[in-house]
Every structure is written in C-alpha cells, then in structure tokens.
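K.L.:
I have a structure here, written as structure tokens, and I will follow up with some questions on it.
The values are calculated or read from the model by the stated rules, or taken from the named source; none is laboratory data. Since we're looking at a predicted model, the values are computed, not measured. Virtual Cβ from ideal backbone geometry, glycine too; neighbours counted across all protein chains shown.
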Ligand code: AMP
Ligand code: GLY
C-alpha cells in the first residue's frame, strides 16, 4: 500500500510513525512533511502543497488513500477534490469541515441537534454586538467566526476588553475577514479535555482522552500556544464524564451528521469543558490535535491503517480499538521566545536510542542535520503504567535532546 499524508507538524510525524507500522504499507509520501518525516521509516517528503497538484500526485503514484492532517486543506475542499476523481481521502468534505472552519456554523449545528454547549449569540452587526456587551455579565467569551490560527478566541474579563476585542475583530479586521462575524458566548468555568474520535458518519469511536496544556509557562501562565504537553488519558475524564459526553454530545453530533447528510469519514476532535453543571462542548475540530496525537497514538495498540480503512469502507461498527493500559505524557520542546518572537536555524542533537520517543515538528533536515525551523520544535513521549511513571520517563528524556534556546514546561 501507498499512502499520502498531508501536513508538516509533530502530529504528522506521529501519524506517519504509526501508519508505517502496518506491514502492508510500503511507502508513505508526506506533503510537505518535516525533518521527522524525512527520517521516518518508509517515508518520503514531497514538496507539494497545492491541492490540485496533490490530486495529480495521488493519481500518478497509485496512492491507496490520503490522510489529511491539518484543518486548512479540509476547509478548502481537499476531500471533495480527491473524491471527484475517485480517490480515497480520509477527512471530511468542505461542507462538514465547516464544523471547525466556522464557529457560527458549529454553534448553529450544536443548537439544532441539542449538543450541550455554552449559551451564545451570533453577531454580524458591530453596533448590535456593542449593545449586547453593555448588558451582559462578565467574563464573556468572544470568538471570531473563521480560522484564525488559534488566536480567534478571547476571554474578556471586562466590558472594556470586550469592546476592544470586537473593534479588533470587526472594525480593524485583524483576521482578514475571519472576524467579520462573531460568536459571543457564556464563559464556562471548569477543566478542559480533548477527546479525539474516528467516524464513518454512522459510528463514532472515541479515542483515549487527553489533557492539553495550552499556556506557555508553568502553572498555566502566559499567552496561549498550540499546546505545550499532553497527558493521556485525561485524569479528569471519569466514567460519569464519558457517559455525559456520549449521551449529550456524541449521540446528537452523529444524528446531526446523518440528518445534514455530511460525508464525514475522518476524525472529530471534541474540545470539552468539564464543569460543575456537566460536560460541555466548546468546539469541534475535524482533525487530530497537536500535540494530543503524539500521546494518543503512542497508547493505541490497534493498527491505524486498519481503522482508517474501516472508516473509509463505512465499517467502523465492526471494529474495536485496543489501548495500552497505562498513560502517556508528552512534552513539547519549544524555541525560547515562542509563541512570540523566536530564533531558528539551530542544530538539534538527539541521543542514540531514543528515536521512537521523539516526534519532530518545527525541524528540518538540512544536509543531513536536523535544524530548528519553528516555535514548537519537537515532542518527547514517555509511557508508563501510571501517569507518574510516564512523567518520570519523559522528563528524563529532556536531557537527551538539545538545541539552542530549548524551552519546555516543567509541570506537565
Ligand atoms: P475554542 O477554539 O472554541 O476551543 O477556544 C479556545 C480556548 O478558549 C478553549 O480551549 C478554552 O480554553 C477557551 N474557551 C473557549 N470557549 C470558552 C467558554 N465558553 N468558556 C470558557 N473558556 C472558553
Ligand atoms: N492542541 C489543540 C489543537 O490541536 O487544537
């Protein structure tokens, strides 16, 4: 089998590593990939990002299926393009990808199908939004409708901050159109959990839960990042939480997918808030999380290729996913200064023998050497029977990898 994998993050390195374990897989092309996928078993990076060129590549190279890592090609219709010419693509079509691509679309979907979520209002008119902010309680959450590289959500603690936010989104248009329409929603207090899942549109199988750490500094301080480390399973996801999630979020989501006639063979990532009033859905993502994937795939004992094929063939109801009975902790090693200004181009050294515990992200292979090329440079993973064991293992590894400006949280 030959697989095409689209993306270039740590998530894609972990996906490539896992796909390569299937003995029927002979080759994985990664477009465009990174330094990790350049060195990974069975993998070859190809420098293509244009969607039409990817379709041509898949046709010419007899690709069995394409796995799309990030959200952007999905919302831009990569799956539609592949399907049009009879090629298999794992990921929702553009219409269903709106569940991540448009916050207003997602909230309307949740409301229509009774998915438990925060109360909200949608605004396209600046003056009406302003009026609303005069009378609502604080804190309040303001979300830009479109994709804004993870920067489109602001928790406004005061009216003044809220006013400034809608000025930025709607008048200054800092997200180039993505903030012209906004969601203003109830602030929920609680603990977040990420639950990824695989679906064929009829059956949905949740993966092991994860606990991301979004802020850059220890103790959840400082600005938000893409994620600085993940513990899986998430210790706050109890049986009760799972029951609430299955009954009030998963079942209604699946009903919505069927009634809207979405063609959804792919991943749904549920961003949850566990509160005293129950578990709420904050957002859908239509892709795997980064760095959630790095922890979750390490714990997955089932074969990922088999799972994807079952989803593509609408046979997920015949499948059971097996998990390692223990925990995984992954820690992101970032470039000093991230998520703001940082330097890149530094040599990365990794001690022999820990290759399987390193997933590279912002790293390129240049003349045979790994060089930092992004904010989040790599993830290290530790696995153990308990969280403590996994944590101990992963922090040991942080001494075995080095690059100038190496920064990581000490409290994952
Ligand atoms: P989202 O992209 O919708 O997940 O929002 C990004 C982050 O903003 C979430 O991971 C939460 O930390 C926070 N957030 C979003 N919506 C809410 C809410 N209603 N109440 C509290 N925090 C929220
Ligand atoms: N780690 C959060 C995300 O991938 O959206």
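K.L.:
For residue 208, state whether it is more than 29 Å from residue 157 (Cα to Cα), in a loop (DSSP other than H, G, I, E, B) and more than 13 Å from ligand 1 (Cβ to nearest atom).
P.N.:
yes
K.L.:
So residue 366 clears everything in (1) modelled with pLDDT under 95; (2) over 24 Å from the mean Cα position of the chain (by Cα) except one condition, right? Which one?
P.N.:
All conditions pass for residue 366, except number (1).
K.L.:
Now for a different question. Can you name every one of the helices (runs of 4 or more DSSP H) wholly within segment 224-339 that holds 3 or more residues which are under 18 Å from residue 209 (Cα atoms) and out of contact with any helix residue (DSSP H, G or I) (no Cβ under 6 Å at 6 or more places or on another chain)?
P.N.:
239-245, 292-299
K.L.:
Something else about it: Of all residues in segment 77-117, which are crowded, with 23+ Cβ neighbours inside 10 Å and on the phi > 0 side of the Ramachandran plot?
P.N.:
Residue satisfying the conditions is 91 alone.
K.L.:
Residue under question is residue 265, and the condition is that it be over 21 Å from residue 304 (Cβ atoms) and modelled with pLDDT of 95 or more; does it hold?
P.N.:
Answer is no for this residue.
K.L.:
Find the residue count for segment 154-190, including only residues that are in a helix (DSSP H, G or I) and in contact (Cβ under 8 Å) with a residue 12 or more places away in the chain.
P.N.:
8
K.L.:
Please go through segment 356-384 and give me each residue that is farther than 13 Å from residue 298 by Cα and outside any strand (DSSP E or B), ordered by number.
P.N.:
361, 362, 367, 368, 373, 374, 375
K.L.:
Kindly provide the set of residues from segment 158-198 that are touching a helix residue (DSSP H, G or I) at 6+ places or on another chain (Cβ under 7 Å) and farther than 22 Å from residue 148 by Cβ, ordered by number.
P.N.:
159, 195, 198
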